[in-house]
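These notes are about the structure you will find just below.
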Amino acid sequence: MADDDYVYDEVTGEWRPASEMAAEAAQASQVLDSAGNVLADGDSVTLIKDLKVKGAGQTLKQGTIIKSIRLTDNPEEIDCRHDAIKGLVLRTEFVRKR
C-alpha cells in the first residue's frame with residue numbers, strides 16, 4: 001500500500017486507513033430514529049410520545065403519523081409537514097420509522 005492510503009486521525013493520534021475513516025464518517029452522518037432505524041427523505045414516521053408544539057398551542061398525540069419527512073443538516077432533527085402545523089421540525093428521539 002502507498003503512504004497516501006493512510007490518513008492521520010487527530011482524535012486517536014494514529015495513522016489509519018483512509019477507507020476506514022471514510023466508512024466511519026458515513027456512519028456518523030446517518031439519521032437514526034429512536035429505535036436505531038436509518039431514516040431517509042420521504043419516509044413516514046410515528047410519534048412515540050405526546051409533544052406540545054411551541055407557538056401552535058397544540059399537542060401532537062402519541063401514534064400520530066407524519067408522512068414525507070425531509071432530513072436536515074442536523075442528524076438529530078427532521079423537517080415535517082402536518083395538516084395543522086406548517087414548518088414542523090421534530091427531534092429524531094421522539095419518532096419511530098413506520
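The values are calculated or read from the model by the stated rules, or taken from the named source; none is laboratory data. Nothing here was measured: the structure is a model prediction, and the numbers come from that model. Note that each Cβ is placed from the backbone with ideal geometry, even for glycine, and that neighbours are counted across all protein chains shown.
For region 38-52, a residue qualifies if it is within 16 Å of Thr64 (Cα to Cα) and part of a strand (DSSP E or B), and the qualifying residues are Val45, Thr46, Leu47, Leu51, Lys52.
Restricting the first residue to region 64-76 and requiring it to be over 15 Å from Gly87 (Cβ atoms) and assigned by TED's automatic domain parsing to the domain that holds Asp43, which pairs with a second residue that is part of a loop (DSSP other than H, G, I, E, B) and among the small types (Gly, Ala, Ser) meet a Cβ separation below 9 Å and a spacing of at least six or different chains? The qualifying pairs are Ile65/Ser44; Lys67/Gly42; Lys67/Ser44; Leu71/Ala40; Pro75/Ser29. Filtering region 7-37 to residues that are in contact with a Pro (Cβ under 9 Å, 6 or more places away or on another chain) and either on the phi > 0 side of the Ramachandran plot or outside any strand (DSSP E or B) (or both) leaves Ala28, Ser29, Gln30. Look at region 15-27: where a residue is under 24 Å from Ala40 (Cα atoms) and not assigned by TED's automatic domain parsing to the domain that holds Ala40 and a partner is surrounded by 11 or more Cβ atoms within 10 Å (Cβ to Cβ) and β-branched (Val, Ile, Thr), sitting 6+ places away or on another chain with Cβ atoms under 8 Å, you get Met21/Val7. If only residues of region 40-73 that are modelled with pLDDT under 90 and not basic (Lys, Arg) are counted, the one that is surrounded by the fewest Cβ atoms within 10 Å (Cβ to Cβ) is Asp73.
Can you name the residue in region 29-39 that is out of contact with any Asp or Glu (no Cβ under 6 Å at 6 or more places or on another chain) and surrounded by 14 or more Cβ atoms within 10 Å (Cβ to Cβ) and, of all such residues, is farthest from Asp73 (Cα to Cα)? This residue is Asn37. Condition check: within 17 Å of the chain's Cα centre (by Cα) and aliphatic (A, V, I, L, M). Does Ile69 satisfy that? Judged against the criteria, Ile69 is a match.
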